[in-house]
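See structure below.
Derivation of every value follows stated rules applied to the coordinates shown; laboratory data play no part. All of these numbers come straight from a predicted model, not from anything done at the bench. Cβ: placed from backbone, ideal geometry, glycine included. Neighbour counts: every protein chain shown.
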Amino acid sequence: MPDTDTMFVLVCGLPGAGKTTVAGEVVDRLGAVRIRTDVVRKDLFEDPQYSDAETDTVYRTVVERADAVLDDDQHVVLDGTFRERDFRTPAYAVAREHGVETVVLKVEADDAVVKRRIRQREGDASDADVSIYEHYRDKFDPIQTDHVVVDNSGSLDETCEQVRRAIDRAQATDPTIT
């Protein structure tokens, strides 16, 4: 039986779509611990090279940290691209092992909106630029489990309302990944 007091939320999507904005809204709503891949990468690597091995280490560390947070019965939000199924699967496994309510939010935004946001970034932990966005755009593995698409093309209020509805629905229906 799921631990209905604890939630696991995976926020994924392309660079610039607004994952960190959505994750922040979830963190605020739940009082959750956020684990952001961009921050973990910089914690682990002084001069990140974004190699496959480095990326594997980042995602493995994110899942390990999520496991520790769930061990403490705290809500956890994973904030990262999670573009490959192989990055998402271990995260789902940790949530399943803990029997917690699970929500997967895929953040999307119009192409022009994403490019504008990326160009306007300052002081953010993300190093992704428009070329990275374009490279990943066609390489995002389909999500094979129940998930909610959050369209972050509009206003912050519209995005927050979508997040609120997704979390409220999850708390009411207990969508544990099986």
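Sequence-distant contacts, meaning Cα pairs under 8 Å at least 6 residues apart, place the relative contact order of the chain at 36 percent. Answer with one residue from 89, 21, 66: the one whose Cα lies farthest towards the positive end of the charge dipole of the range 1-140, charges on Cβ with Lys, Arg +1 and Asp, Glu -1. Sorting the options by dipole projection puts first 21.
Each label was represented as a point 7 Å from its Cα along the Cα-to-Cβ direction; for residue 134 and residue 52 these points are 2.4 nm apart.
Mean separation of Cα pairs under 8 Å and 6 or more residues apart, divided by the residue count, gives the range 1-104 a relative contact order of 51 percent. A simple charge model with +1 on the Cβ of Lys and Arg, -1 on the Cβ of Asp and Glu and nothing else charged puts the dipole of the range 1-77 at about 340 debye relative to its Cα centre. The residues 160, 12, when put in order of fewest to most other Cβ atoms within 10 Å, stand as 160, 12. Rounded to the nearest 20 debye, the dipole size of the chain about its Cα centre is 420 debye, using +1 on the Cβ of Lys and Arg and -1 on the Cβ of Asp and Glu. Computed over every Cα-Cα pair of the range 3-173 and binned at 10 Å starting from 0, the pair-distance distribution P(r) comes out as 10, 41, 38, 11, 0 percent.
Taking 11 Å as the cut-off, the amide N atoms of the range 33-56 that come nearer than this to a point 7 Å along the Cα-to-beta-carbon line of residue 74 belong to 33-35. Listed by Cβ neighbour count within 10 Å, with the fewest neighbours leading, 42, 19, 106 appear as 42, 106, 19. For the chain, a Gaussian network of Cα nodes joined below 10 Å ranks 11, 130, 103 by mean-square fluctuation, and the top entry is 130. Taking the chain as a Gaussian network of alpha-carbon nodes connected by springs under 10 Å, the highest mean-square fluctuation of the residues 89, 102, 81 belongs to 89.
Measuring gaps between exposed loop sites in the chain (GluC sites (Glu not before Pro); DSSP loop; at most 13 other Cβ atoms within 10 Å), the longest gap, sites not included, is 47-121.
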